[in-house]
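Take a look at this one; I'll ask things after.
The values are calculated or read from the model by the stated rules, or taken from the named source; none is laboratory data. From a predicted model like this one, the values you see are computed outputs, not experimental measurements. With ideal geometry, Cβ positions are generated from the backbone for all residues, glycine too; neighbour counts draw on all protein chains shown. With ligands, DNA and RNA removed, areas are computed over all heavy atoms of the protein, side chains included. Shrake-Rupley method; radii C 1.70, N 1.55, O 1.52, S 1.80 Å.
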Amino acid sequence: MLYHHCEILSLMEQAERSAAELILQAHGILAETKSGKRDVVTEYDRRVQELLMAQLQASVPDAHFFCEEMKEQDRLDADLLFIIDPIDGTMNFVHGFHHSCISIAYAERGTVLAGAIYNPYVDEMYSAVRGYGAFLNGHPITVTDAGLSESVVCYGSAPYNPELTARTFTLVRKVFDSCLDVHREGAAALDLCTVAAGRAGLFFELQLSLWDYAAGALIVQEAGGLCRPVDAPDFPTDGSRTSVVAGSPAAMKDFLRLLQD
Ligand code: IPD
């Protein structure tokens, strides 16, 4: 069956808004660890994912899924695929920081065509359909014109990869010396939206999963920004974990120059 991408986007947004109730009403949140003490999951991550999958499957019965809390992912090159992070910023969620989101990307045969990221705490819905621009609560957004020196920069600490800690903080120090300030906000998908909305000039993290950045990368690109791995021009096509940097064209140029120093 053929679906119009704007229809798919609206299904994704509806699913996120209904699942967001679970996040807003969460209580007695218990964290279970996955790969290590910083990699946590809660029953809410699973329940949000189940609800999203059920709603999307009801409207798109031939859809496949690539989700964070799923044991066996479907193929990335499926005809119709939803890439889901049910709660991005789980550590924030567990500790009551009220800065987490639901992220869904929609892809056809390996190309992401739509993305929706919802932060229920401030009722901000970021969205994009490839070729149609990026929006925040229905209003068009664009990245800033600013370079690094006039920008706030968000970064992620790659918390599940201790082997990347030294490089991360060396880079953070370098970037800090060249920009206005650095923020560690704790939800990569929202960091990407922060760049798309022109609030931050740049975001980088040395290791992310596809569900963390698939929707956000499209939203940044549709807002006129650039998004790529830190040390390579293109994202891996097999869905393996990768570094990510996103920014305004000017800030990206400054960042790539800094990497050479
Ligand atoms: C994490 C958050 C965090 C980032 C981690 C991600 P999760 O996602 O986006 O900011 O530093 O690398 O894995 O695990 O909360 O969905």
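The rows are residues; the columns are (1) of a type in the set (A, V, I, L, M, F, W, C); (2) part of a helix (DSSP H, G or I); (3) out of contact with any Lys or Arg (no Cβ under 9 Å at 6 or more places or on another chain); (4) under 21 Å from residue 152 (Cα atoms).
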{"residue": "185", "(1), (2), (3), (4)": "no, no, yes, yes"}
{"residue": "200", "(1), (2), (3), (4)": "yes, no, yes, yes"}
{"residue": "206", "(1), (2), (3), (4)": "yes, no, no, yes"}
{"residue": "219", "(1), (2), (3), (4)": "yes, yes, yes, yes"}
{"residue": "234", "(1), (2), (3), (4)": "no, no, no, no"}
{"residue": "240", "(1), (2), (3), (4)": "no, no, yes, no"}
{"residue": "251", "(1), (2), (3), (4)": "yes, yes, yes, yes"}
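If you don't mind, another one. Could you tell me how many of the residues in the stretch 72-92 are modelled with pLDDT under 95 and either in a strand (DSSP E or B) or within 16 Å of the ligand (Cβ to nearest atom) (or both)?
Count: 1.
So which residues in the stretch 1-32 are of a type in the set (Ser, Thr, Tyr) and within 21 Å of the chain's Cα centre (by Cα)?
10, 18
Among the residues that make up the stretch 138-155, is at least one of them open to solvent by 20 Å² or more (accessible area, probe 1.4 Å), in contact with a Pro (Cβ under 9 Å, 6 or more places away or on another chain) and not β-branched (Val, Ile, Thr)?
Within the stretch 138-155 (the criterion being open to solvent by 20 Å² or more (accessible area, probe 1.4 Å), in contact with a Pro (Cβ under 9 Å, 6 or more places away or on another chain) and not β-branched (Val, Ile, Thr)), the answer is yes, since at least one residue qualifies.
A further question on this structure: Going residue by residue through the stretch 5-18, is there one that turns out to be open to solvent by less than 30 Å² (accessible area, probe 1.4 Å), without any contact (Cβ under 8 Å) to a residue 24 or more places away in the chain and away from the ligand (no atom under 16 Å from the Cβ)?
Within the stretch 5-18, not a single residue is open to solvent by less than 30 Å² (accessible area, probe 1.4 Å), without any contact (Cβ under 8 Å) to a residue 24 or more places away in the chain and away from the ligand (no atom under 16 Å from the Cβ).
In this structure, does residue 191 turn out to be within 22 Å of residue 109 (Cα to Cα) and charged (D, E, K, R)?
no
Of these, 166, 116, 158, which one is closer than 30 Å to residue 43 by Cβ and away from the ligand (no atom under 14 Å from the Cβ)?
So the residue among 166, 116, 158 that is closer than 30 Å to residue 43 by Cβ and away from the ligand (no atom under 14 Å from the Cβ) is 116.
Same structure again: Do we have residue 226 as open to solvent by 10 Å² or more (accessible area, probe 1.4 Å), touching a Pro at 6+ places or on another chain (Cβ under 8 Å) and at negative phi here?
Against the criterion (open to solvent by 10 Å² or more (accessible area, probe 1.4 Å), touching a Pro at 6+ places or on another chain (Cβ under 8 Å) and at negative phi), residue 226 qualifies.
Taking into account only those residues within the stretch 51-71 that are over 19 Å from the mean Cα position of the chain (by Cα) and surrounded by fewer than 17 Cβ atoms within 10 Å (Cβ to Cβ), which is nearest to the ligand (Cβ to nearest atom)?
If we take residues in the stretch 51-71 being over 19 Å from the mean Cα position of the chain (by Cα) and surrounded by fewer than 17 Cβ atoms within 10 Å (Cβ to Cβ), then 71 is nearest to the ligand (Cβ to nearest atom).
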